[in-house]
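In what follows, a structure is listed as structure tokens, so that the remarks can point back to it.
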Amino acid sequence: MKNNSPIAVITTAIILFTVTASLFIIPRIKKDNHSEDICEHKYQIISQTQPDEFNPGLTNYKCSKCGDEKAKRVKSTSVLPQIFFNGSIVGIDKDSEVLVKAEYFDKDKTFQTFATMKYQGHTSMLYNKKNYTVKFYNDENKKEKNKVSFHGWKESNKFCLKANYIDFSQSRNIVSANIWSDVVATRKSIDKNIEKLQNYGSIDGYPVMVFINDEYQGIYTMNIPKDDDTYDIGNDPGEALFVINSANSAASHFKSTLSEDDRKSIFDLEYCYGENENNTEWAYQSLNNLISFVKENDGDLFKAGIDKYLDIDSAIDYLLTTYYLGLTDNFAKNALLLTYNGEKWIFSLYDMDTAFGLAFDGTGFFNPDYQIPQKTQSGKFSSSTDSLLWDKLLQNFYTEICERYTDLRHTVLQNDSVVKRYDDFIKSIPQKYYEKDLEIWGEIPLHNENNIEQMYKYLEKRSALLDDFFAIK
């Protein structure tokens, strides 16, 4: 028997409404509220620009269903690799990085990634065209490094984009570093820690085009950074790496142990075992032991004892390569000093953009006879560098230095092959790209004089003077 009471009818109606709502109405409301999340986008092109050599192409899309928009970047038609950074760079500085999105294009590799950028360098901070340290990450929280391999290098997430502002040719730093690597490779005795490093601890690089927020910034070189991974240093007891940042110090010339100012601003202890516990005093003391030995000893005492504190072969190669390439900014600064046992220090070359006598600020060239070794009136050898270390090496290891110089001049340091390496690098960048740099950064110094002819003439004269001094056979 049906129950047609008002209460029963109302109850039945409520139940039916509840069931209907749960099955049809509420899901539809939820679907409408989250339509953006589950929209099966149907993108249509709304605008498009075509790429040229100095501008990327951009294709903009919009979803016809939900209105979502996106853009796809197309690499420019350049022969050079390109890297794009997009995002706000407000606040970027040497000690302040910014997070952006990056895209990289070359003939072998294309990828998108998150990236951090900050300025890099010392003197170069004075120039409008800045260097950058770049790190790649798979997430915007920087939890997972995005390690990639460029140019056959080992995988890393950290690289340096060098503006090479003072060197219009863009070639000096990279090619000189490659030559230094070859010099080390011909060494009869290579420290086992250096021997296992990529390029023997030397940097490498290649030209790229850099864009920030789709605005072309000019030619840079993508470089292996001066990094703890590059030198595999700082993780075990006795490991440390110093960089000498200035020649304006007696300690830079091995005439005085490190002062407080030296420790604060001249000698950068970039990597050191114990730095997380602030236990780095041992590294300063060890370097002071080397400097003290150089100051206090000469003659037979120097020759017999220096090997305890200094890798002699690395120091001789450093001196000869610096002489030959005319690296006038490297005799007392830009030197890397490394130790893997806490006692013996190894020299390595870095930052070689002053090759062939280019002044540190790019505003002129030194004569080929500047900072050439010579004999003084008293008959002693002088390095002409105001460095006590280089003077004493010449005075006490002259025969060994002459033998090594002769060996290098017959192998790695032959003038024609050396100049060809720079010329090949310069020619890998089309002339119009150099001209575009002038259009962007018009004040680039010595852009007319800084060329392969200057390099060849300089090296021809300088090597003749060195051949005479070192009695090449």
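The values are calculated or read from the model by the stated rules, or taken from the named source; none is laboratory data. Everything quoted here is computed from the prediction, not taken from an experiment. A quick note on method: Cβ atoms are made from the backbone with ideal geometry, for glycine too, and the neighbour counts reach across all protein chains shown. Keep in mind that these areas ignore ligands, DNA and RNA; they rest on the heavy atoms of the full protein, side chains included. Shrake-Rupley method; radii C 1.70, N 1.55, O 1.52, S 1.80 Å.
Among the conditions (1) modelled with pLDDT under 95; (2) within 30 Å of Arg462 (Cβ to Cβ), Leu327 misses just one, which is (1). Tallying residues that are in contact (Cβ under 8 Å) with a residue 24 or more places away in the chain and within 26 Å of the chain's Cα centre (by Cα) within region 254-273 yields 7.
Of note, Gly342 does not satisfy the criterion of being in contact with a Pro (Cβ under 6 Å, 6 or more places away or on another chain) and either within 20 Å of Ile203 (Cβ to Cβ) or among the small types (Gly, Ala, Ser) (or both). For region 274-283, the set of residues classified as surrounded by 14 or more Cβ atoms within 10 Å (Cβ to Cβ) and either within 25 Å of the chain's Cα centre (by Cα) or assigned to a loop (DSSP other than H, G, I, E, B) (or both) consists of Gly274, Glu275, Thr280, Ala283, listed by residue number. Counting only helices (runs of 4 or more DSSP H) that fall entirely inside region 318-427 and contain at least 2 residues that are in contact with a strand residue (DSSP E or B) (Cβ under 7 Å, 6 or more places away or on another chain) and farther than 22 Å from Leu241 by Cα, the qualifying elements are 388-396. Filter region 444-473 down to the residues that are among the hydrophobic types (A, V, I, L, M, F, W, C) and touching a helix residue (DSSP H, G or I) at 6+ places or on another chain (Cβ under 8 Å) and list them by number. Selection gives Ile444, Ile452, Met455, Leu459, Leu466, Phe470, Ala471, Ile472.
Restricting attention to region 127-165, the residues that are open to solvent by 10 Å² or more (accessible area, probe 1.4 Å), part of a loop (DSSP other than H, G, I, E, B) and either touching a residue at least 40 places away in the same chain (Cβ under 8 Å) or among the hydroxyl-bearing types (Ser, Thr, Tyr) (or both) total 10. Looking only at region 285-328, filter to residues that are of a type in the set (S, T, N, Q) and out of contact with any helix residue (DSSP H, G or I) (no Cβ under 8 Å at 6 or more places or on another chain); which one of those is surrounded by the most Cβ atoms within 10 Å (Cβ to Cβ)? Filtering region 285-328 for residues that are of a type in the set (S, T, N, Q) and out of contact with any helix residue (DSSP H, G or I) (no Cβ under 8 Å at 6 or more places or on another chain), the one surrounded by the most Cβ atoms within 10 Å (Cβ to Cβ) comes out as Thr322.
Counting only strands (runs of 3 or more DSSP E) that sit completely within region 1-80, those holding 1 or more residues that are at pLDDT 85 or above, over 35 Å from the mean Cα position of the chain (by Cα) and basic (Lys, Arg) correspond to 57-63. Taking the criterion of being within 23 Å of Ile174 (Cβ to Cβ) and hydrophobic (A, V, I, L, M, F, W, C), would at least one residue in region 362-371 satisfy it? For region 362-371, residues within 23 Å of Ile174 (Cβ to Cβ) and hydrophobic (A, V, I, L, M, F, W, C): present. Among the residues of region 394-436, just one is open to solvent by 30 Å² or more (accessible area, probe 1.4 Å), among the β-branched types (Val, Ile, Thr) and under 30 Å from Glu296 (Cβ atoms), namely Thr399.
All conditions in (1) of a type in the set (A, V, I, L, M); (2) under 12 Å from the mean Cα position of the chain (by Cα); (3) open to solvent by 20 Å² or more (accessible area, probe 1.4 Å) hold for Ile174, with the sole exception of (3).
Can you work out which of the residues in region 81-96 that are touching a residue at least 40 places away in the same chain (Cβ under 8 Å) and in a loop (DSSP other than H, G, I, E, B) is farthest from the chain's Cα centre (by Cα)? Selected residue: Gly87. Among the residues of region 183-194, none qualifies, meaning not one is closer than 30 Å to Ile440 by Cα and in contact with a strand residue (DSSP E or B) (Cβ under 9 Å, 6 or more places away or on another chain).
Here's the yes/no breakdown for (1) open to solvent by 30 Å² or more (accessible area, probe 1.4 Å); (2) hydrophobic (A, V, I, L, M, F, W, C); (3) closer than 30 Å to Ile444 by Cα:
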residue: Asn330; (1), (2), (3): no, no, yes
residue: Leu336; (1), (2), (3): no, yes, yes
residue: Gly342; (1), (2), (3): no, no, no
residue: Ser348; (1), (2), (3): no, no, yes
residue: Thr354; (1), (2), (3): no, no, yes
residue: Thr363; (1), (2), (3): yes, no, yes
residue: Gly379; (1), (2), (3): yes, no, no
residue: Leu388; (1), (2), (3): yes, yes, no
residue: Lys392; (1), (2), (3): no, no, no
